[in-house]
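Taken together, the values in this text are just the output of simple stated rules run on the coordinates, not laboratory data. None of the values given here were measured: they were computed from a predicted structure. Positions of Cβ are backbone-derived with ideal geometry, glycine not excepted, and every protein chain shown enters the neighbour counts.
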Amino acid sequence: MFEKYMEKKFSKRDASDFNLVRTIFQWIICHVFIASYVHFFYKVEVIGREKLKTDKKYLIAANHMTGWDPFVIAMALHKTMAFMAKEELFATLGSRFIMDYCGAFSVNRQKLEVSTIKTAIAVNKTKWILGIFPQGTRDKSGMINHVSRGFTALAKASKCDIMPVSIVGMEKKSNWFHQGKITIKVGDLIPYGETEETIQKWCQAISEMSGLEYKPEN
């Protein structure tokens, strides 16, 4: 049983995977376990959450500084979020189980695969929101760089606009009650469109909201 589960691939997920069981599981992880830790050690400020109340289809695209980001963002925005995770996070049984039942799906960080596009389309057919991190990996450089072009293709394929979300503060370790502060900001919707223009708009939005530096490539 365990062997078959460990052999299972999570690069492609169907709409049926984003069901009530996984919705409840993610809620417990984010709003019980993660929230207990975060709200003890950090003050949490969320700005612009009202912008999520729109009839338009969108995906959430955030900067990426820690491994906690997907869970903290889902908690703070009160959204059930399907997010992409590196293949290595599915390597062990415990991590695989959490990723699986939180609705994550594995991706190849080197290239955008058909299975990823199909999963993005599947998420769009449910009440879940797709959460992506265009930087691809955690970046504590204080800059917005190494942005993958693939997230614009996902937006086009799933016909979703892009909701820029910035998160700062979680990367600074807090050792006591409310010693740290996490700030999450929701920007204005970016319509999916031409790749380079979309990337630039996202980078500028994240830079303005987070204070992280962005230098356009020449």
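What value, in deg cm²/dmol to 500, does the helix sum -39500 (n - 2.57) over DSSP H runs of n ≥ 4 give at 222 nm once divided by the residues of the chain?
My calculation for the chain gives -10000 deg cm²/dmol from helical runs alone.
Can you give the translational diffusion coefficient of the stretch 7-160 in µm²/s, computed by Stokes-Einstein from the Kirkwood radius over Cα pairs at 10 °C and 1.306 mPa s?
It comes out at roughly 99 µm²/s.
Limiting things to C-alpha atoms, what are the Rg and the maximum Cα-Cα separation (Dmax) for the stretch 1-82, in angstroms?
15.2, 45
Could you derive backbone 3J(HN,Hα) for the stretch 85-91 from the dihedral phi with the Karplus parameters 6.51, -1.76 and 1.60 (θ = phi - 60°), listing whole Hz in sequence and x where the residue is Gly or Pro?
These are the phi-based 3J(HN,Hα) values: 9, 5, 4, 4, 6, 9, 6 Hz.
Ranking Asp55, Asp14 by Cβ neighbours within 10 Å, fewest first, what do you get?
Result, fewest neighbours first: Asp55, Asp14.
Beyond 28 Å between alpha-carbons counts as too far, so tell me which of Lys127/Lys156; Lys86/Lys215; Lys118/Lys172; Lys12/Lys43; Lys9/Lys53; Lys79/Lys156 fall in that bin.
Over 28 Å Cα-Cα: Lys118/Lys172; Lys12/Lys43; Lys9/Lys53.
Roughly how big is the stretch 39-94's charge dipole about its Cα centre, with Cβ charges of +1 (Lys, Arg) and -1 (Asp, Glu), in debye to the nearest 20?
Charge dipole, the stretch 39-94, about its Cα centre: 300 debye, nearest 20.
How big is the stretch 69-218 along each principal axis, measuring the range of its Cα positions in Å and listing the largest first?
Largest to smallest, the principal-axis extents are 44, 43, 28 Å.
Amide H neighbours of Phe10 under 5 Å, at least 5 residues apart or on other chains, H built in the peptide plane: list them.
Ser106
At 0.36 nm per residue, minus the direct Cα-Cα distance, what do Glu171 and Glu208 gain on full extension? Give it in nm, one decimal, please.
Between Glu171 and Glu208, full extension yields an extra 11.5 nm.
Between Lys118 and Leu20, what is the label-point separation in nm under the 7 Å Cα-to-beta-carbon projection?
Inter-label distance under the simple model: 2.8 nm.
Once you put a point 7 Å from the Cα of Asp55 and another 7 Å from the Cα of His31, both along the Cβ direction, what distance in nm separates them?
For the pair Asp55/His31, the computed spacing is 2.7 nm.
About its Cα centre, what dipole magnitude does the stretch 1-104 give when the only charges are +1 on Lys and Arg Cβ and -1 on Asp and Glu Cβ, stated in debye to the nearest 20?
In debye, rounded to 20, the stretch 1-104 gives about 280.
Using the Cα centre of the chain as the reference point, and only Cβ charges (+1 on K/R, -1 on D/E), how large is the resulting charge dipole? Debye, rounded to the nearest 20.
Taking the Cα centre of the chain as origin, the dipole is about 380 debye.
Starting from the amide H of Tyr214, placed 1.01 Å from N in the peptide plane, find each other amide H under 5 Å away whose residue is 5 or more places distant or on another chain.
Ile144
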